[in-house]
There are 2 protein chains.
Amino acid sequence: MNYKALNFKDKLALFDEQWTPKVIAEMNDYQFKIVKIKGDFVWHDHEDTDETFIVLEGKLRIDFRDGQVELSDGEMFVVLKGVEHKPYAEEEVKMLLIEPRGVNNTGDKGGKLTAENDVWI
Amino acid sequence: MNYKALNFKDKLALFDEQWTPKVIAEMNDYQFKIVKIKGDFVWHDHEDTDETFIVLEGKLRIDFRDGQVELSDGEMFVVLKGVEHKPYAEEEVKMLLIEPRGVNNTGDKGGKLTAENDVWI
């Protein structure tokens, strides 16, 4: 039989809303999530886990208390556990997040940007 | 300070050899490895872990005992633990592997394509 690969562009075309990570795959107890963001997120950290950002389209800036990193498509960055960070995108950026199942997008913070967890697309 | 993103193209430009995964980042106890392959790999499985393939450039086919999957750039596939598989590429393909630290490329098989583990670039 022919198995089907997961195509990032096809999956991204299925929704428009921002700040709502959608799970597209799992590897052991880790999840791959695609998300679109524009504007400023909230400062937060994940005290128990690192978190990986891979930019698929657009430009992402991640602010840290002591600096920042800028990512374009074809670039990745791992934010280490416990490190406060705030993603920001001037224009919409489409990206892939990789982190353990159960991680909330706002980490230790709540607020209106907290997304429902474990939503598949 | 400005942190630096990992750029897949830049990292891929640093080596020519095929079948030798190079670690570019870690997330908790998982590793991100880039690799170039062309031709036929060996049938193998990883009995303890799933393994993620993300194609960066080119086309990859992964054969299974009961079928196959084809991946182009911008596509991913998770091979579940214990599932025998054999990557194949007619022309060189450049890809990103994600799997726990310590996983051997040939899994339960040895042979001349077994690469040194935990080589960073």
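The table that follows gives values for the structure above.
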item	result
Average beta-carbon neighbours from other chains, 10 Å sphere, peptide B:75-85	3
Two-decimal log10 I(q)/I(0) for chain B, as the Debye equation yields it once each C-alpha is a single scatterer, q = 0.16 Å⁻¹	-0.72
Exam field: A:Trp120 pseudo-label spacings to other copies (7 Å along Cα-Cβ), nanometres	3.7
Loop chymotrypsin sites (Phe, Trp or Tyr not before Pro), region A:8-71, which have at most 14 other Cβ atoms in a 10 Å radius of their Cβ (DSSP)	A:Phe15
Surrounding net charge for A:Val119, when Lys and Arg each add one and Asp and Glu each subtract one, Cβ distance under 10 Å	0
Top of B:Asp73, B:Asp16, B:Asp108 by mean-square fluctuation, Gaussian network on chain B, Cα under 10 Å	B:Asp16
Distance between region A:9-53 and region A:72-88 - C-alpha centres, whole angstrom	12
Taking B:Asp45, A:Asp66, B:Asp40 and counting other C-beta atoms within 10 Å, the order from fewest to most	A:Asp66, B:Asp40, B:Asp45
Those trypsin sites (Lys or Arg not before Pro) in region A:1-106 that DSSP places in a loop and that have at most 16 other beta carbons within 10 Å	A:Lys4, A:Lys59, A:Arg65, A:Lys81, A:Arg101
Shielding by other protein chains, A:28-39, mean Cβ within 10 Å	2
Across A:Lys36/A:Lys81; B:Lys9/B:Lys38; A:Lys81/B:Lys109; A:Lys86/B:Lys81; A:Lys81/B:Lys22, pairs whose alpha-carbon gap is larger than 29 Å	A:Lys81/B:Lys109; A:Lys86/B:Lys81
Shielding by other protein chains, A:3-11, mean Cβ within 10 Å	6
Choice from B:Gly82, B:Gly67, B:Gly110 with maximal GNM fluctuation in chain B (Cα, 10 Å cutoff)	B:Gly67
Chain B - mean residue ellipticity at 222 nm from DSSP helices (-39,500 (n - 2.57) per run, n ≥ 4, rounded to 500)	-1000 deg cm²/dmol
Candidates B:Gly111, B:Gly74, B:Gly58: whichever shows maximal mean-square fluctuation once chain B is modelled as a Gaussian network with Cα springs under 10 Å	B:Gly111
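Bear in mind that the values in this text are calculations on the coordinates, not laboratory data. Remember, predicted model here, so these are calculated numbers, not experimental data. Every residue, glycine as well, gets a Cβ built from its backbone with ideal geometry; the counts of neighbours run over all protein chains shown.
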